[in-house]
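Working notes for the structure below.
Quick note: the coordinates plus some simple rules give every number you see, no bench work behind them. Bear in mind that the values here come from a model prediction, so they are computed numbers and not experimental data. Cβ atoms come from the backbone with ideal geometry, glycine included; neighbour counts cover every protein chain shown.
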Ligand SMILES: Nc1nc2c(c(=O)[nH]1)N[C@H]1C(S)=C(S)[C@@H](COP(=O)(O)OP(=O)(O)OC[C@H]3O[C@@H](n4cnc5c(=O)[nH]c(N)nc54)[C@H](O)[C@@H]3O)O[C@H]1N2
Ligand SMILES: Nc1nc2c(c(=O)[nH]1)N[C@H]1C(S)=C(S)[C@@H](COP(=O)(O)OP(=O)(O)OC[C@H]3O[C@@H](n4cnc5c(=O)[nH]c(N)nc54)[C@H](O)[C@@H]3O)O[C@H]1N2
Ligand code: SF4
Ligand SMILES: [Mo]
């Protein structure tokens, strides 16, 4: 294998090109200067990719019913069980649950198998939790799921509106591009988000609207644009339908639903009305809502009515989440899409059937994610194959999802890791190629198709996902249709399908793209650079549709019992359910556990102090996390990250609290709004365990993360009697000599386990969260202890001499911690971001931490809020 390869980052939908190079200490990655998504830039997650390639958490061989087996047997079992279920209960008793982290080729294979050969459209994907409302909104307005613009538009716009998008954390390279453009041409930036996020760092205006009120806001904007005389009637008359009804609906709504101050609203409305080049970027604050599709159309309505679409620097622009969210939409990996941007109309069904020569063509739409797991719970889905997603964590109503998985007779899970909350329910586990091993294509937010290429040998017996699918299809008797030799053959078949009987009638046609060298083609954007500038859309009469929409509040409103609004989302340096980013200590350093962000005024009322554990409870479930008091939250709102789960914490799973309310058009669940209560969690004791590798501790609450050289687990409990069980568990896990200090009066227990003179683990228990030099202790794990002073220091929890603990990592690129930075500022050696950079390098890598550096300097500009 080559020592240097160009491939694509496996995280967010920006789809940055990376160059992986072999160095003396393993593979290192850097941004690909030639890739049109990033031109050499990377964010903290991309930069740390090399730290996540270890094999220690990988699934290395197939497992059937808890026993290691070989691929032949696993395929025979999988096929046999799928056949047994579908023979008895019909094709719709089987379902695929897929992911935007699959390659286009994998997606295509699964879609073909289910929709053409098993005869079920029960093929849904985590994109249902992510992009479904955008897909539905695009189809309603444009007649196809077409993203009209491109990344350059963000650089060419005079106004960029971020709606429900924390671009700074979730699409950091796009944020960097916008930030740079803003420095050059003074782009105005408006952030529309109930929270004050780091994206507000470059905002001229932050509108902290009431959750779920985006439709009211954009309706108000449409009415304002009409009153201000800036609508483009030539475009409306020639190229759209539905204007009159849409304007009437917009006028009927009141902006009071947004809860925003009138002067602020007017500032935004005036800015929008008077600026021709506007890009409205939207993401999960829009999509993950029971009114998600209407929100999307409310945004698109304004762009259509002002004719601001399809030209440089303007348009509605949905940023996709996962590396191949777009590819999945393109191949038809959604239960209500067929394939290659075709739907379930009779013509498309017949066309795809003929192309595939399909013996058993699905004739109707399948079940969407939330309904799919409900149907499983009701006993209707009896076999499921889950690939590259962790639904036991990421779906709402996760207790129902887990109950459904527990009772489903056949659960097949293809994953790269050995343990996840979902894998715990699997009867058949299939090891998949991970990033660096996989080979195929992905499509990013601006429709650019790039290659993911392998540079590592497969982990153990891991195989490509498409290969496992094709082998099962062959075992089911469909050898000819699934006889691909490699991903290139699949890609070429798929490209041919996109062009089949197309003749310009469908937006997606890859058959016209000349890919000569599949292994080395340069990233290319399919379709035009921009769509719809000519006023031609993909509807029957080629006109766009303005959709009349009206404000509907989120399904749940605060009540006396659940007086707060729960909002959920992402952290800067973590990816979803932590299977990969938690492997890199520097990525865990920014936020090492889940926090409940809450406004200080609410905290005071509820008797909550900063850093204390709290119980967050909804009518469905509860979780326990630390409170973080911050005015970034509006009073009445709580924000909790989506990332933590049973593999990384006890009681850290937020999905358990979220109801499964969905948008009526898209079926996308409302993961951003639930009613909850927050109360202090009474702890009698708290602890910290540092070890190379510790078992899930017997404690009511714990949360763990990696440090350099060790794992740290924070623990807590409500009752001192819980401690005996915990210490017994740890004593039997770590063998060797036990050093022990106890001060019963003060409630202090300190243990160190030493074997052959080397430190195995250290445990500290105190009534309150023990504060100690955890980085220093982690550095001693597995090392020979020199003399008595080391032992004494360990038991004291204090580093000898002047060791300064870094504290939380602020700059992930250069691993610079909070304490190091505050120390520098306090000493008067740095008065601005540039001086911090010169002294510590912090902020000079991807730049994602600059908002935090400014906050530490007390220099953060306060966007009017
Ligand atoms: N670091 C990191 N980056 C990621 C990911 C990750 O896991 N980690 N995941 C990727 C994926 S798959 C996705 S889908 C994207 C998601 O990217 P984003 O959508 O940007 O991220 P989120 O944090 O889910 O939500 C964005 C914002 O929506 C706001 N919001 C909540 N309710 C409302 C509302 O009613 N109206 C408005 N206007 N805003 C609201 C939230 O406060 C939040 O700040 O990120 C991608 N990038
Ligand atoms: N509360 C709340 N919940 C949410 C969201 C939210 O904002 N709030 N956001 C939603 C959104 S937008 C999304 S996209 C989802 C994401 O949620 P998930 O898709 O459930 O999260 P991941 O952790 O990305 O899970 C991917 C799994 O696939 C594995 N994997 C990675 N690559 C491959 C591969 O190539 N092949 C195979 N077979 N396996 C692979 C990983 O090890 C991991 O176990 O979460 C949704 N859930
Ligand atoms: S911006 Fe997204 S694609 Fe680019 S390096 Fe970061 S995570 Fe990877
Ligand atoms: Mo997503």
Q. Could you put 330, 245, 493, 556 in order, starting from the residue whose Cβ has the fewest other Cβ atoms within 10 Å?
A. 245, 493, 556, 330
Q.
I need the calculated FRET efficiency for the pair residue 819 and residue 76, taking r as the beta carbon distance and R₀ as 56 Å, to the nearest 0.05.
A. 0.50
Q. Which value does Rg/Rh take for segment 51-185 over its C-alpha atoms, Rh per Kirkwood?
A. 1.11
Q.
How far apart, in nanometres, would the label points at residue 233 and residue 350 be if each is projected 7 angstrom from Cα along the Cα-to-Cβ direction?
A. 4.4 nm
Q) Given 0.36 nm per residue, what is the gain on full extension from residue 740 to residue 792 after removing their alpha carbon distance, in nm? A) 17.7 nm
Q. For the chain, what is the calculated [θ] at 222 nm in deg cm²/dmol (nearest 500), taking -39500 (n - 2.57) for each run of four or more DSSP H residues and dividing by its residue count?
A. -8500 deg cm²/dmol
Q: Give me 623, 326 ranked fewest to most by other Cβ atoms within 10 Å of their Cβ, as a rough exposure proxy.
A: 623, 326
**Q.** Simple label model, 7 Å out from Cα along Cβ direction - residue 630 to residue 841, nm
**A.** 2.6 nm
Q.
Could you work out the pair-distance distribution P(r) of segment 809-864 from its alpha-carbon pairs, with 10 angstrom bin width and percents rounded to whole numbers?
A. 27, 60, 12, 1
Q.
Between residue 724 and residue 184, what's the calculated FRET efficiency when r is the beta-carbon distance and R0 is 56 Å? Round to 0.05.
A. 0.30
Q) If you average the sequence gap of Cα pairs under 8 Å that are 6 or more apart and divide by the length of the chain, what percent do you get for the contact order? A) 15 percent
Q | Percent RCO, i.e. relative contact order, over segment 156-282, from Cα pairs under 8 Å lying at least 6 residues apart | A | 35 percent
Q.
With the crude spin-label approximation of a point 7 Å out along Cα→Cβ, what separation in nm comes out for residue 834 versus residue 274?
A. 3.2 nm
Q | Whole-number percent relative contact order across segment 685-796, with pairs defined as alpha carbons under 8 Å at least 6 apart | A | 31 percent
**Q.** Where Rh is the Kirkwood radius over Cα pairs, Rg/Rh for segment 132-318
**A.** 0.93
Q) In angstroms, what radius of gyration and Dmax does segment 382-524 have, counting Cα atoms only? A) 17.8, 49
Q | Extended-chain gain in nm, criterion 0.36 nm per residue less alpha-carbon gap, residue 826 and residue 88 | A | 258.5 nm
(Q) Can you report the principal axis dimensions of the chain using only the alpha carbons, biggest first, rounded to whole angstrom? (A) 84, 67, 55
Q | Base-10 log of normalised Debye intensity for segment 247-383 (one unit scatterer per alpha-carbon) at q = 0.09 Å⁻¹ | A | -0.45
Q: Go ahead and run the numbers for FRET between residue 514 and residue 34, Cβ-Cβ distance against an R0 of 25 Å, rounding to 0.05.
A: 0.85
Q. For segment 4-52, what Kirkwood radius comes out of the mean inverse Cα-Cα distance, in Å?
A. 10.5 Å
Q | Calculated diffusion of segment 648-753, Stokes-Einstein form, Kirkwood radius summed over Cα pairs, 20 °C and 1.002 mPa s, µm²/s | A | 130 µm²/s
Q) Among bridges DSSP assigns within the chain, what percent are antiparallel (round to 5)? A) 60 percent
Q.
Which of rounded, prolate or oblate describes segment 564-680 when judged by the alpha-carbon gyration tensor and an a/c cut-off of 1.5?
A. oblate
Q | Sorted by Cβ density within 10 Å, fewest first, the residues 293, 125, 240 | A | 240, 293, 125
